[in-house]
Amino acid sequence: MPIVDMPLNELKTYLGVNPRPIDFDAYWDRGLAEMEALGTECELVKAPFQMPGAQLYHMYYTGVHGARIHALFARPDHHQGKLPAVLQFHGYTGSFDNFYGLLGFVCAGFCVAAMDARGQGGYSEDVGGVKGTTYCGHIIRGLDDPDDDRLLFRDVFLDTAQLARIVMAMDDVDETRVGAMGGSQGGGLTLACAALTPGLNRAVTQYPFLSDYKRVWDMDLDIQAYAELKSYFRAYDPLHQREDQIFRKLGYIDVHHLSPRIRCRVLMLTGLLDNVCPPSTQFAAYNHITSPKQVLIYPDFGHEGFTGSADVFLRYMLEMLP
């Protein structure tokens, strides 16, 4: 079996190396309290493009630190009773710029909300205000701010949980049948959403990003998606005098530390040739999940589309239908 990381038997027991801050749980309990105080209000603006059988909207809500968050929202045009729902999260730097990827679920009878991560390719707002460097990437944004709550990905993680709460509170949504899905950054955000939303029904994550940062650096794979780690050290700590401090702070936004909070069913898809989000970092998150879970292993694939994976996502969500 080809590998670029650990042998499979070692992957299945690997638990990660990035340090976990001692106040990790208090950090996220504080963040959740801030997020929950914002309520579940949202604005739905009818999209200029409509089609038979569906209602298409731009959704806006106010996230932590006052940011205006955007998502695409779609629901079946005619339905009876409460519907299941799917939350979608996109890859790093991307966005949801069309409704096409939502319509298969709408056709099957789901409401769908697809969130733009703040400050990336879509319309969600990055309100800024952070101290220290903002050079080259969102993982390091807030790393030099004395307030640990200014890490940008802390806010993005909370945005995912807030989206879940908003959708679950909708009159035509069955709050017990809401799932989340995404790949790469979207996979990491899916795990974060599941960890911060106890009532989520299920989650599908494909090669999750934002996990076990120090392992990425140890493997010299802080390139491509994780390149900002290397850029940061080279520019701001070339002798690695603050290495322990930096990785410990990154531990707040490390999904492998959030994973023990997950209570829903989880399906993970991983490729053993992934040199963007190494398999060991993905398994670091997966192995900390104690709820029902399954991993599908694609030995010949890296960080790319997997043959048939879209249908895997769909079938997993279809199980929520009556």
Residues being surrounded by 13 or more Cβ atoms within 10 Å (Cβ to Cβ) and either of a type in the set (A, V, I, L, M, F, W, C) or not in a helix (DSSP H, G or I) (or both) - total across region 16-35 = 10
message = Restricting to region 130-160, and then to whatever is outside any helix (DSSP H, G or I) and hydrophobic (A, V, I, L, M, F, W, C), can you tell me which residue is farthest from Trp217 (Cα to Cα)?
response = Val130
message = Name the single residue that is surrounded by the most Cβ atoms within 10 Å (Cβ to Cβ) among those in region 54-70 being part of a strand (DSSP E or B) and hydrophobic (A, V, I, L, M, F, W, C).
response = Ile69
key: Filtered residues of region 36-53 (kept if exposed (fewer than 13 other Cβ atoms within 10 Å of the Cβ) and either in a strand (DSSP E or B) or in contact with a Ser or Thr (Cβ under 9 Å, 6 or more places away or on another chain) (or both))   = Glu41, Glu43, Val45, Lys46
ask   = When both residues are 6+ apart or on different chains and their Cβ atoms are under 6 Å apart, which pairs have a first residue that lies in region 48-66 and is free of Cβ contacts under 8 Å to residues at least 24 places away in the same chain, and a second that is buried (at least 16 other Cβ atoms within 10 Å of the Cβ) and of a type in the set (D, E, K, R)?
value = Gln55/Arg75
ask   = When you look at Val156, is it under 19 Å from Arg265 (Cα atoms), hydrophobic (A, V, I, L, M, F, W, C) and crowded, with 23+ Cβ neighbours inside 10 Å, yes or no?
value = no
remark   = The residue from Tyr226, Tyr252, Tyr232 that alone is modelled with pLDDT of 95 or more, among the aromatic types (Phe, Trp, Tyr), surrounded by fewer than 24 Cβ atoms within 10 Å (Cβ to Cβ) and within 25 Å of Ala37 (Cα to Cα) is Tyr252
task = Tally the residues that are of a type in the set (Val, Ile, Thr), part of a helix (DSSP H, G or I) and closer than 27 Å to Cys111 by Cα, restricting the search to region 266-322.
result = 1
key: Looking only at region 107-122, and only at residues there that are buried (at least 23 other Cβ atoms within 10 Å of the Cβ) and outside any loop (DSSP other than H, G, I, E, B), the one that is farthest from the chain's Cα centre (by Cα)   = Cys111
message = within 20 Å of Asp116 (Cα to Cα) and over 24 Å from the mean Cα position of the chain (by Cα): which single residue out of Ala47, Ala54, Ala71 fits that description?
response = Ala47
key: Qualifying residues in region 295-322 (those that are under 18 Å from the mean Cα position of the chain (by Cα) and free of Cβ contacts under 8 Å to residues at least 40 places away in the same chain) - the one nearest to Leu196 (Cα to Cα)   = Val295
inquiry  = What's the number of the only condition in (1) hydrophobic (A, V, I, L, M, F, W, C); (2) loosely packed, with under 14 Cβ neighbours inside 10 Å; (3) part of a strand (DSSP E or B) that Phe73 fails to meet?
reply    = (2)
Whichever residue in region 169-197 is charged (D, E, K, R) and in a strand (DSSP E or B) and, among such residues, is nearest to Ala33 (Cα to Cα) = Glu175
key: Which numbered condition Gly94 misses (of (1) more than 24 Å from Gly121 (Cα to Cα); (2) surrounded by fewer than 19 Cβ atoms within 10 Å (Cβ to Cβ); (3) in contact (Cβ under 8 Å) with a residue 60 or more places away in the chain; (4) not charged (D, E, K, R))   = (1)
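Would you be able to say whether some residue in region 189-198 is farther than 29 Å from Ile140 by Cβ, surrounded by fewer than 24 Cβ atoms within 10 Å (Cβ to Cβ) and touching a Cys at 6+ places or on another chain (Cβ under 9 Å)? Working first, answer last.
Narrowing region 189-198 to residues farther than 29 Å from Ile140 by Cβ: 198.
Okay, now just the ones that are also surrounded by fewer than 24 Cβ atoms within 10 Å (Cβ to Cβ), so 198.
Narrowing further to those that are touching a Cys at 6+ places or on another chain (Cβ under 9 Å): 198.
Yes, some residue in region 189-198 is farther than 29 Å from Ile140 by Cβ, surrounded by fewer than 24 Cβ atoms within 10 Å (Cβ to Cβ) and touching a Cys at 6+ places or on another chain (Cβ under 9 Å).
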query = Out of all the residues in region 218-259, which are assigned to a loop (DSSP other than H, G, I, E, B), over 17 Å from His138 (Cα atoms) and touching a residue at least 60 places away in the same chain (Cβ under 8 Å)?
reply = Met219
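The values are calculated or read from the model by the stated rules, or taken from the named source; none is laboratory data. In this text the structure is predicted, and so the values were computed from the model without any measurement. Here Cβ is always computed from backbone atoms with ideal geometry, including for glycine, and neighbour counts include all displayed protein chains.
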